[in-house]
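Remarks on the structure that follows.
The values are calculated or read from the model by the stated rules, or taken from the named source; none is laboratory data. Given the structure is predicted, the values throughout are model-derived calculations rather than measurements. Here the Cβ positions follow ideal geometry from the backbone for every residue, glycine too, while neighbour counts run over all protein chains shown. These accessible areas exclude ligands, DNA and RNA; they are computed on the full protein's heavy atoms, side chains included. Shrake-Rupley method; radii C 1.70, N 1.55, O 1.52, S 1.80 Å.
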Amino acid sequence: MATLKEHVKQLAQTDPDQFAAFEAELGRAGLYSHFYRSVLAHDNYNLKKMRAQLVPILKKFFPFEDHHFATNTIPAIAQPSLQS
């Protein structure tokens, strides 16, 4: 099973512009420090306890849907497509 940390790392590596937009969104919402210190620092963070303001941000930049937060499950990481 993937972790939230792995999703963030993949976004940073595969799409730096989207990663920058994600971090900017966290900053605008005043959640940057909270996300990195309180959420990402824990490998098994309980998604059911996620701050409500973070949910739409995570849904915007990662493949999260409402049921992931309700069931405390992390979606699988999308495999990069191999194009010739």
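What size of dipole, in debye to the nearest 20, comes out for the chain about its Cα centre when the only charges are +1 on Lys and Arg C-beta atoms and -1 on Asp and Glu C-beta atoms? Write down the numbers at each step before the final one.
Values: 9 positive and 8 negative charges, 65 e Å.
Result for the chain is approximately 320 debye, rounded to the nearest 20.
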Item to complete: Taking a cut-off of 17 Å between Cα atoms, list the lysines near Lys49, but don't count ones fewer than 8 places away on the same chain.
Response: Lys5, Lys59
Worksheet item: Taking the alpha carbon gyration tensor of the chain, what are the square roots of 5 times its eigenvalues, largest first, to the nearest whole Å?
Response: 20, 16, 11
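Helix-only mean residue ellipticity at 222 nm, the chain, DSSP H runs n ≥ 4 weighted -39,500 (n - 2.57), per residue, nearest 500. What is it?
On the way: 4 runs with 38 residues, N = 84.
Per the formula, -13000 deg cm²/dmol.
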Item to complete: Return the FRET efficiency for the residue pair Arg37, Ile77: r is the Cβ-Cβ distance, R0 is 30 Å, and the value is rounded to the nearest 0.05.
Response: 0.85
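Please report, as a whole percent, how much of the solvent-accessible surface of the chain comes from carbon and sulfur atoms (probe radius 1.4 Å).
Details: 2800 of 5540 Å².
Ligands and nucleic acids excluded, carbon and sulfur give 51 percent.
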